[in-house]
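Okay, structure first, notes after.
The values are calculated or read from the model by the stated rules, or taken from the named source; none is laboratory data. Only a predicted model underlies this, so the values are computations on that prediction, with no experimental measurement involved. Counting neighbours? That spans all protein chains shown, and the Cβs are built from the backbone with ideal geometry, glycine included.
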């Protein structure tokens, strides 16, 4: 008797005794509850299966597979072929304790059933870690954005146009934006469903998906809400982690010299976010209450340089205030002036100023005094930042016809172009260990540094000048305007953005 017949008899017995409807096999195209079929994807040593309980409306999925990562996925997938905008939500519980901490139970959208397909999923790991994983194009390495909710009771994935969004249940049990999103263009029909990977080619893991809800979404014409996410990215792996997410507009994180907190601006004020999951706390800067996204912490961690437009003429000027908060001390008399860098010894500030209709780079003593003009090129020079050794000031300039990265000596001499490419490059930041430069890249043809654009964080090795993409995101203005390296040079902080339909953000 064949193994398939034995399995079929076993299934009939289960149906009779427990009113379950299980299916197994590598490519069984049979309806399972709301899904149309299921199969093993990629290479697995042990065939997966699914059991659907009609009474409880739960799906118990068994899956093997070595991993869902790099350029291929190995797992068991229960799928539905769809098109257009869709959403899938579920509660997820692993069966049994132990197992590999990286075993995954997922809600997934993928172009094809090939193992190397372009795909995105929200994955709940055995350790509780939950992340949005994505691969584009087919065969490319997988990347992820880790949620700051561990573990959520409910997860949801939404496709709207070319963007995929993740949602997780918060402390109140309600679904909320996870702050994780990615662009994934899909053509024609594609697949949505649930799946399990053991993260161990010799093992089989099980997870129960309950309260599973599929929706075919209608085009949204109503109000959209801006959701901002403060993220950190690990340089070595390019893995991203959500530190804070809110339905609000905030910008430009600075990392404290001790590595324990971040500072960002929101609604004209500055806020301090401890990296322990707590809510951000305001930093008092009154009467300067119109702070913009050009701010930064002094090398000794005692002071904060801010750029504020609370004056009568509503033009930005540079101030210095105690990092703990207090009454700011005005540094620049002329306006507009936008701070961008502290010298390593804390004695000098570098800023961008508009004088006589032209934006150039200036320096001024941190104690106050006369400003010194360093650049004179026609057009915009912006984003000045000292290298950690104080030997150079890096900045961006459009003097070549489009925005590129430059550097010069602290006195303005020996100005030289650092990067020459087709994109428009902004805001160079040098790592504390002087090994890396990160910058923001807009597509060719984008003027200025506007918000709401597809942008890239690019990382250049200062040793060999090689450049690679650190992260792709929806952002721009406010993403990385100011220094945001961790003090150990291993991570970088930035802000990404989403525009979500009101019903997605305020879901009850």
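Report whether or not residue 135 is under 23 Å from residue 210 (Cα atoms), buried (at least 24 other Cβ atoms within 10 Å of the Cβ) and assigned by TED's automatic domain parsing to the domain that holds residue 199.
Numbers: under 23 Å from residue 210 (Cα atoms): no; buried (at least 24 other Cβ atoms within 10 Å of the Cβ): yes; assigned by TED's automatic domain parsing to the domain that holds residue 199: yes.
So residue 135 fails the test.
Just one of (1) surrounded by fewer than 23 Cβ atoms within 10 Å (Cβ to Cβ); (2) under 16 Å from residue 437 (Cα atoms) trips up residue 480, so point out which.
(1)
Can you say whether residue 265 is in contact (Cβ under 8 Å) with a residue 40 or more places away in the chain and under 30 Å from residue 234 (Cβ atoms), as far as the supplied structure shows? First the steps, then the outcome.
Numbers: in contact (Cβ under 8 Å) with a residue 40 or more places away in the chain: no; under 30 Å from residue 234 (Cβ atoms): yes.
When the stated conditions are applied, residue 265 does not pass them.
In the stretch 123-131, is there at least one residue being over 23 Å from residue 202 (Cα atoms) and either without any contact (Cβ under 8 Å) to a residue 60 or more places away in the chain or not assigned by TED's automatic domain parsing to the domain that holds residue 229 (or both)? Outline the logic, then answer.
First, the residues of the stretch 123-131 that are over 23 Å from residue 202 (Cα atoms): 130-131.
From the residues that got through so far, the ones that are either without any contact (Cβ under 8 Å) to a residue 60 or more places away in the chain or not assigned by TED's automatic domain parsing to the domain that holds residue 229 (or both) too are 130-131.
Yes, the conditions are met somewhere in the stretch 123-131.
Considering only residues that are modelled with pLDDT of 95 or more and farther than 15 Å from residue 493 by Cα, which ones fall in the stretch 260-278?
Correct list: 266, 267, 268, 269, 270.
A quick yes/no check of all residues on (1) under 24 Å from residue 168 (Cα atoms); (2) outside any loop (DSSP other than H, G, I, E, B):
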{"position": "238", "(1), (2)": "yes, no"}
{"position": "243", "(1), (2)": "yes, yes"}
{"position": "252", "(1), (2)": "no, yes"}
{"position": "258", "(1), (2)": "no, no"}
{"position": "262", "(1), (2)": "yes, yes"}
{"position": "265", "(1), (2)": "no, yes"}
{"position": "271", "(1), (2)": "no, yes"}
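Counting residues that are surrounded by 14 or more Cβ atoms within 10 Å (Cβ to Cβ) and more than 35 Å from the chain's Cα centre (by Cα), which strands (runs of 3 or more DSSP E) fully inside the stretch 327-377 reach at least 1? Steps first, please.
Details: elements: 337-342, 348-355, 358-365.
Per the criteria, 348-355, 358-365.
Considering every residue within the stretch 381-402, establish whether at least one is surrounded by 16 or more Cβ atoms within 10 Å (Cβ to Cβ), assigned by TED's automatic domain parsing to the domain that holds residue 268, free of Cβ contacts under 8 Å to residues at least 60 places away in the same chain and out of contact with any strand residue (DSSP E or B) (no Cβ under 8 Å at 6 or more places or on another chain).
Among the residues of the stretch 381-402, not one is surrounded by 16 or more Cβ atoms within 10 Å (Cβ to Cβ), assigned by TED's automatic domain parsing to the domain that holds residue 268, free of Cβ contacts under 8 Å to residues at least 60 places away in the same chain and out of contact with any strand residue (DSSP E or B) (no Cβ under 8 Å at 6 or more places or on another chain), which makes the answer no.
Looking only at the stretch 442-477, count how many residues are surrounded by fewer than 19 Cβ atoms within 10 Å (Cβ to Cβ) and on the phi > 0 side of the Ramachandran plot.
Qualifying residue count, the stretch 442-477: 4.
From 294, 300, 312, grab the single residue that is in the same structural domain as residue 362 (by TED's automatic domain parsing) and within 20 Å of residue 382 (Cβ to Cβ).
Working: 300 fails: within 20 Å of residue 382 (Cβ to Cβ); 312 fails: within 20 Å of residue 382 (Cβ to Cβ).
Answer to the selection: 294.
Of the residues in the stretch 47-80, how many are in contact with a strand residue (DSSP E or B) (Cβ under 6 Å, 6 or more places away or on another chain) and in a strand (DSSP E or B)?
Residues meeting the conditions: 19.
Before we move on, is residue 227 in contact with a strand residue (DSSP E or B) (Cβ under 7 Å, 6 or more places away or on another chain), surrounded by 20 or more Cβ atoms within 10 Å (Cβ to Cβ) and part of a strand (DSSP E or B)?
Numbers: in contact with a strand residue (DSSP E or B) (Cβ under 7 Å, 6 or more places away or on another chain): yes; surrounded by 20 or more Cβ atoms within 10 Å (Cβ to Cβ): yes; part of a strand (DSSP E or B): yes.
So residue 227 passes the test.
Residues of the stretch 96-110 being farther than 12 Å from residue 198 by Cα and modelled with pLDDT of 95 or more, which ones?
Matches in the stretch 96-110: 107, 108, 109, 110.
Go through the residues of the stretch 239-249 one by one and say whether even a single one is touching a helix residue (DSSP H, G or I) at 6+ places or on another chain (Cβ under 7 Å), surrounded by 18 or more Cβ atoms within 10 Å (Cβ to Cβ), under 25 Å from residue 148 (Cα atoms) and at pLDDT 95 or above.
no
Could we say that residue 158 is farther than 27 Å from residue 101 by Cβ, surrounded by 21 or more Cβ atoms within 10 Å (Cβ to Cβ), in the same structural domain as residue 275 (by TED's automatic domain parsing) and in contact (Cβ under 8 Å) with a residue 40 or more places away in the chain here?
Considered against the rule, which asks whether it is farther than 27 Å from residue 101 by Cβ, surrounded by 21 or more Cβ atoms within 10 Å (Cβ to Cβ), in the same structural domain as residue 275 (by TED's automatic domain parsing) and in contact (Cβ under 8 Å) with a residue 40 or more places away in the chain, residue 158 comes out as no.
Check the stretch 179-187 and report whether any residue there is part of a loop (DSSP other than H, G, I, E, B), under 18 Å from residue 245 (Cα atoms) and either out of contact with any strand residue (DSSP E or B) (no Cβ under 8 Å at 6 or more places or on another chain) or in the same structural domain as residue 240 (by TED's automatic domain parsing) (or both).
Applying the first criterion (part of a loop (DSSP other than H, G, I, E, B)) to the stretch 179-187 yields 184-187.
Then drop every residue that is not under 18 Å from residue 245 (Cα atoms), which leaves none.
Within the stretch 179-187, not a single residue is part of a loop (DSSP other than H, G, I, E, B), under 18 Å from residue 245 (Cα atoms) and either out of contact with any strand residue (DSSP E or B) (no Cβ under 8 Å at 6 or more places or on another chain) or in the same structural domain as residue 240 (by TED's automatic domain parsing) (or both).
Taking only the stretch 22-61 into account, find how many residues are modelled with pLDDT under 95 and on the phi > 0 side of the Ramachandran plot.
1
Modelled with pLDDT under 50 and either crowded, with 19+ Cβ neighbours inside 10 Å or in contact with a helix residue (DSSP H, G or I) (Cβ under 8 Å, 6 or more places away or on another chain) (or both): does that describe residue 19? Let's see the steps before the verdict.
Numbers: modelled with pLDDT under 50: yes; either crowded, with 19+ Cβ neighbours inside 10 Å or in contact with a helix residue (DSSP H, G or I) (Cβ under 8 Å, 6 or more places away or on another chain) (or both): no.
Judged against the criteria, residue 19 is not a match.
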